[in-house]
Every structure is written in C-alpha cells, then in structure tokens.
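Working notes for the structure below.
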Amino acid sequence: VLITGYQFRSNEYRKGPVEFMMGLCSFYSSKDFDIPHMYANSNLKCPLRKGVNYYAYKVSPNATNFPPLIPEGRWKLQADFLYLNRYTIYSIEWYSSVEYPIIFG
C-alpha cells in the first residue's frame, strides 16, 4: 500500500510531506490514520486468500486518530493498493481539511 498526501497549494493538489509504503497486512493492523475503525465493517483478514470475496463498507476515517502536527490546509490522502509494488489494483482518495483551534492564553 502506497500512502501519499497532497496539499492544496497554488490552486491545485501538490505532493506534500506525507509519502510512505507498507505491506497490506501491516496497513490493516496499523493504528495510524484510524485504520482499525475504518475497516470495522469488513471481513478483511490476513493473510488474504484466493477465491474469497472481501468487502468493506462505511469506510470513513476519524481525524482525532491521525498523527499530530499535520500542516493546516486542504489535503488529499491517496492510498494505492499495489501488486508486486508496481501495478495499481485500486486506489482510494480522501479529501479533507486540517484546522487547529487558536487558543488565547
């Protein structure tokens, strides 16, 4: 799984400081980006088996479980699921905005 973050700058989404690759089973078991909650409504289990129909529905992340200090602004987070680290099987794109509250002391 290739995870890439695109930040909205100069009127378009440009590749930002977030980009990393991880194995599929590591991705599903990761606590980052609220992945366990997102795939709670699925039958995805590792190892994946040939001939099994997998499903996932209501896949929606909870921003409170994202890593801290993501820069403010509009973002596109793209997850590319790759075969042999070269061929894209499918992609998921999430569009969101990061805003931090201003706290006056």
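Tally the residues that are outside any strand (DSSP E or B) and among the polar types (S, T, N, Q), restricting the search to segment 73-105.
Taking segment 73-105 as the starting set, the residues that turn out to be outside any strand (DSSP E or B) are 84-86, 99-105.
Now restrict to residues that are among the polar types (S, T, N, Q): 85.
Matching residues across segment 73-105 total 1.
Looking at (1) of a type in the set (A, V, I, L, M, F, W, C); (2) in contact with a Ser or Thr (Cβ under 7 Å, 6 or more places away or on another chain); (3) closer than 22 Å to residue 9 by Cα, which is the only condition residue 82 fails?
Just one mismatch for residue 82, condition (3).
Here are some residues: 53, 41, 85. Which one is polar (S, T, N, Q) and under 22 Å from residue 6 (Cα atoms)?
Criteria check complete, one pass: 85.
Any residue in segment 47-61 that is touching a residue at least 24 places away in the same chain (Cβ under 8 Å) and part of a loop (DSSP other than H, G, I, E, B) sitting within a Cβ distance under 9 Å of a residue that is surrounded by 10 or more Cβ atoms within 10 Å (Cβ to Cβ) and among the aliphatic types (A, V, I, L, M)? List the pairs, counting only those 6 or more apart or interchain.
Matching pairs, first to second residue: 48/24; 59/38; 59/92; 61/35; 61/38; 61/77.
Report yes if residue 33 is surrounded by 13 or more Cβ atoms within 10 Å (Cβ to Cβ), hydrophobic (A, V, I, L, M, F, W, C) and at pLDDT 90 or above, otherwise no. Lay out the reasoning, then the answer.
Numbers: surrounded by 13 or more Cβ atoms within 10 Å (Cβ to Cβ): yes; hydrophobic (A, V, I, L, M, F, W, C): yes; at pLDDT 90 or above: no.
Here the answer is no, as residue 33 does not meet what is asked.
Restricting attention to segment 59-87, and to residues there that are surrounded by fewer than 12 Cβ atoms within 10 Å (Cβ to Cβ), within 15 Å of residue 32 (Cα to Cα) and over 13 Å from the mean Cα position of the chain (by Cα), which single residue is modelled with the lowest pLDDT?
Out of the qualifying residues, it is 64.
Given the conditions (1) within 17 Å of residue 3 (Cβ to Cβ); (2) modelled with pLDDT of 85 or more; (3) open to solvent by less than 60 Å² (accessible area, probe 1.4 Å), and given that residue 90 satisfies all but one, which numbered condition is not satisfied?
Unmet for residue 90, out of (1) within 17 Å of residue 3 (Cβ to Cβ); (2) modelled with pLDDT of 85 or more; (3) open to solvent by less than 60 Å² (accessible area, probe 1.4 Å): (3).
Provide a single number: the residues in segment 22-42 that are closer than 11 Å to residue 79 by Cβ and more than 11 Å from the chain's Cα centre (by Cα).
Step one: list which residues in segment 22-42 are closer than 11 Å to residue 79 by Cβ, which gives 22, 24, 27, 33, 35, 38.
Then keep just the ones that are more than 11 Å from the chain's Cα centre (by Cα); that gives 22, 24.
Final tally of qualifying residues: 2.
The values are calculated or read from the model by the stated rules, or taken from the named source; none is laboratory data. Just so you know, these numbers come straight off a predicted model, no measurement behind them. Cβ atoms come from the backbone with ideal geometry, glycine included; neighbour counts cover every protein chain shown. Each accessible area value is taken on the protein alone, full model and side chains, heavy atoms only, with ligands, DNA and RNA left out. Shrake-Rupley method; radii C 1.70, N 1.55, O 1.52, S 1.80 Å.
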